[in-house]
Amino acid sequence: METWSKSLSIALLFMAMLIFLPLIYHFGVALQPAKKEAVDGQLTVIPTDFSSTKTLALGGDWSFFWQQLLEPEQIKKAMPESANVKGYGGWQANISNQDYDAIGFATYHLDVTLQQSSNNLALHIPPIESAYNLYINSEFMLSGGRVSKLESAGTPGYNNAIVRIPDGSKTFTITIQVSNYHSSWGGLWEPIVLGDADSLHTLQRDKVALSMFILGALLITIIHALIQFFLRPTDNIPLVFACLCLLFFFREFTIEHMSFALSSFAGGFVLITKLNFLSYYAGIPVGLYFFHSCYPRVFRRKVCTLFYTISVIFSAFILFSPTRYFGASVDIFQIIALIVMMYILQRMWIAMRKKQNGAAVMLIGSLIAFAFALNDILYMNNIISTGRFFSLGIICFITCQSFVTNSRFDNLINKNSSLSRRLKERNSDLVIMSQLLETKVEQRTRELKLANNELKALANNDPLTNVFNRHGLQQYIQAAFERFRRSQEVFSILLLDYDLFKEINDTYGHDVGDIVLLTGTDLIKSGIREQDKLARWGGEEFLILLPNTDLQGALAIGHKLKEAISAKPIGQPIGIEVSVTGGVAQVQTHDTFETLFKRADDALYKGKQEGRNQICD
C-alpha cells in the first residue's frame with residue numbers, strides 16, 4: 001500500500017508538471033502576435049496579416065524626431081528632419097547612423113493604412129520609458145507620467161493600456177511623445193500591438209490570470225515553508241526558501257501586465273523599477289544560499305561567499321542609486337547570474353553523483369528553472385522572441401523542492417521505524433518495478449515511434465494523392481524565401497485548378513473525381529523536376545513550388561503540364577476530357593508568401609475569366 005501511494009504521488013507530480021507544457025505553448029506561441037514591419041514610417045495592413053493570429057506587433061522603421069515633442073499637426077512639416085528607428089528596443093536600437101542618448105525626449109510617428117475599414121480594432125500600449133503622450137490621428141488618447149523637455153518637470157510613469165481605433169477608419173496615425181530622464185532605456189522597449197480589441201483584452205486577461213495563479217502558488221509555498229520552520233526552528237532551510245519565494249512574489253508584481261498593482265502608489269515607477277531589479281539581484285544570492293544550506297558538503301564556502309559579496313554590492317547599488325543608472329549594471333550582473341547558475345548545476349550534479357537525498361529531483365527543478373531564466377535573459381536582449389517564462393520555471397522548481405522537503409520531513413518522522421525490514425521490501429519492489437518499467441518503456445517507445453511516424457505522414461501528406469498538403473509544403477516555402485533573402489535565388493509558384501471539376505463530380509460521382517485527381521497528380525509529378533515540390537492545396541487546386549525558376553520558366557512548365565493533362569482522357573475506362581487553368585507568380589523583394597500567393601491566385605482567376613484551359617501571370 002505504501003509503495004502504491006508513493007508511485008501515485010510521483011505520477012501525480014509528473015502529471016502536474018506536464019500541465020505547464022500547454023501553458024508554455026499558449027503563452028509562448030499561440031498568444032504571440034505576428035510581426036508587421038513598417039517601412040519609412042509607413043505601414044499597410046492587409047486582411048491576410050491576421051490569418052494566423054488576430055494581433056500584429058508593429059515593428060520596422062518608425063519616423064523619429066529626436067529632441068522634438070511634436071503635436072500630430074506638426075508632423076508633416078517636420079518630416080524632412082525625421083530619422084528612422086525601430087518600433088521596439090528603445091531609441092538606442094536605431095537603424096540610422098546617429099547614436100541617441102538614453103536621456104532625452106523625442107517623438108515617434110507611424111502612418112497606418114488598412115485595406116479594410118477598421119472594425120473593433122485596438123492598440124495595446126506597453127510600458128514606455130519613461131513618460132509618454134499617445135495620439136491617434138490628432139486626438140489625445142493616453143499618457144504615462146509627465147512628458148517634458150525639462151528634466152526637472154518630467155515625471156516617469158507606467159500606463160499599460162488598450163486603446164480603441166475609431167471604427168470605419170481606413171487610415172490612422174500613431175504619434176507618441178516620449179521623454180526619459182529616469183531610465184537607462186528610452187522610448188519603445190516592447191512593440192505596440194495592433195489587433196482585434198476582444199483578442200487584446202483576452203490576451204491581457206490570460207496574462208493576469210497566469211500571474212495570479214503564480215502569485216497564489218508562491219504565497220501558499222511561503223506559508224507552507226514558514227509552518228515547517230515553526231515546527232522545526234533548528235532547520236533554517238524552509239525559512240531561506242520562504243525568503244526566496246517572497247522575492248519571486250515581488251518580482252511577479254513588476255512584470256508588464258501586473259504593473260498596475262503598484263503604479264498607483266506614490267513614486268510607482270521608481271518603486272516598480274527598484275523592486276524589479278532588487279528581486280533579481282537579491283534572488284541570485286538567496287537562491288545560492290538555499291542550495292548551499294541544503295548541500296553544505298558539496299558547495300564551497302569561499303566561492304559562495306564571493307558571490308554573496310558581489311550580489312550585496314549590486315543590491316546596494318539598486319537601493320541607493322537613481323533608476324536612470326541601473327542599466328549600467330544589467331549586462332555585468334547577467335554574466336554573474338549565468339556563472340552562478342552554472343556553478344549551482346555543476347555542484348548539484350556532484351551531489352546527485354554522490355547520491356545525496358533529493359539531489360536528482362532538485363537538479364531537475366534547477367535545470368527547468370535555469371532554462372527558463374536563460375530564455376528570459378535572451379528574450380530581454382532581443383536575441384529570441386519566445387516570451388517570459390521564468391515564473392513558470394519557478395513553479396516547476398517549487399514543485400520539485402516541495403517534493404524534496406516533504407520527503408525530508410517524512411523521513412525524519414519515520415526515522416525510528418524498522419529501517420532494515422523496509423529497506424529489504426523496497427529493494428524487492430524496486431527490482432520488480434525496474435523490470436516492469438524497462439519492459440513498458442521499450443513497448444511504449446515502439447508504440448510512440450510508430451504513432452509518431454503515422455502522425456507525421458498524416459500531418460504532411462494529402463491522404464488521397466499522397467503528395468504534400470499545405471502543412472507539408474510550408475517548410476520548403478520557408479526555405480525558398482530564406483535562400484531568396486540570403487542569396488537572391490529566385491523562385492516561382494504555379495497554382496493549378498481543374499476546370500469545371502464540380503460538374504465532373506456531379507455527373508460521374510466523387511469516385512471518378514478522385515480518379516481524375518490521382519491521374520492528374522501522376523501526370524504533374526512526371527512533368528516536373530526533382531527539386532520541384534507539389535502539394536494539394538485544397539479540393540481540385542494544386543500548388544507547385546519551383547525553385548531557381550523565373551516567371552518565364554514557370555510559364556513554360558505550366559503550359560507543359562496543361563498540355564499533358566488535356567492531351568488524353570483521364571479516368572479510364574470512362575475517359576473524361578479535363579483541362580486545367582493555372583496562375584504563376586515570381587517572388588519579389590518585399591514579398592511574403594501571402595502576397596506571392598495572391599498574385600498567383602489573381603492570375604488563376606484571370607485565366608478562369610478569360611475562358612479557362614490556360615496559364616496566366
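The values are calculated or read from the model by the stated rules, or taken from the named source; none is laboratory data. None of the values given here were measured: they were computed from a predicted structure. Cβ placement follows ideal geometry from the backbone for every residue including glycine, while neighbour counts extend to all protein chains displayed. What goes into the accessible areas is simple: the full protein's heavy atoms, side chains included, and nothing from ligands, DNA or RNA. Shrake-Rupley method; radii C 1.70, N 1.55, O 1.52, S 1.80 Å.
Calculate how steeply helix 593-609 sits against the longest principal axis of the alpha-carbon atoms of the chain, using the helix alpha-carbon long axis, and give the answer as 0 to 90 degrees to the nearest 10. Approximately 20 degrees, to the nearest 10. Taking the DSSP beta bridges with both ends in the chain, the antiparallel portion is around 85 percent. Against the chain, whose longest principal axis comes from its Cα atoms, helix 470-487 is set at around 90 degrees. Only protein atoms count toward the accessible area here, which uses a 1.4 Å probe; on the chain, the carbon and sulfur part of that area reaches 59 percent.
A cut-off of 5 Å between modelled amide H atoms, ignoring neighbours fewer than 5 places along the same chain, links Asn461 with Asn469. The residue list Pro238, Ile272, Ser211 was ranked by how far each Cα lies along the charge dipole of segment 188-325 toward its positive end, using unit charges on Cβ atoms, and Pro238 comes out on top. Would you grab the residues whose amide H sits under 5 Å from the one on Leu123? Only those 5+ places off in sequence or on another chain, please, with H modelled 1.01 Å from N. Under 5 Å from the amide H of Leu123: Val163, Arg164, Ile165. Note down the relative contact order for the chain as a percent, whole number, built from C-alpha pairs under 8 angstrom at least six residues apart. Dividing the mean separation by the residue count of the chain yields 8 percent. Placing R0 at 22 angstrom, the Cβ-Cβ distance between Leu69 and Asp99 gives a FRET efficiency of 0.60 after rounding to 0.05. In order along segment 144-161, phi translates into HN-Hα couplings of x, x, 10, 7, 7, 7, 9, 4, 5, 9, x, 10, x, x, 9, 8, 7, 8 Hz, rounded to whole numbers, per the Karplus curve 6.51 cos²θ - 1.76 cosθ + 1.60 with θ = phi - 60° and x for Gly and Pro.
Phi angles across segment 207-217 convert, under the Karplus curve 6.51 cos²θ - 1.76 cosθ + 1.60 with θ = phi - 60°, into 3J(HN,Hα) values of 5, 5, 4, 5, 5, 5, 5, 5, 4, x, 5 Hz, Gly and Pro given as x. Taking all protein chains together and a 1.4 Å probe, the residues Ser148, Ser407 rank Ser407, Ser148 from largest to smallest accessible area. Solvent-accessible area of Arg426, all protein chains in place: 100 Å² (probe radius 1.4 Å, heavy atoms, ligands and nucleic acids excluded). Look at the dipole of the chain built from charges on Cβ: of Ser179, Ile524, Val312, the Cα furthest out on the positive end belongs to Val312. 3J(HN,Hα) couplings calculated from phi for segment 576-581 with the Karplus curve 6.51 cos²θ - 1.76 cosθ + 1.60 (θ = phi - 60°) are, in sequence order, 9, 7, 10, 9, 10, 10 Hz; Gly and Pro show x. Using Cβ point charges alone (K and R +1, D and E -1), the dipole size of segment 177-324 about the Cα centre works out to roughly 820 debye. Counting only residues at least eight positions apart within a chain, or on another chain, the lysines with an alpha carbon under 17 Å from that of Lys424 are Lys6, Lys415.
Once the Cα atoms are used to define both axes, helix 301-320 deviates from the longest principal axis of the chain by about 70 degrees. In this structure the amide hydrogen of Leu142, modeled in the peptide plane, comes within under 5 Å of the amide hydrogens of Leu134, none closer than 5 places in sequence on its chain.
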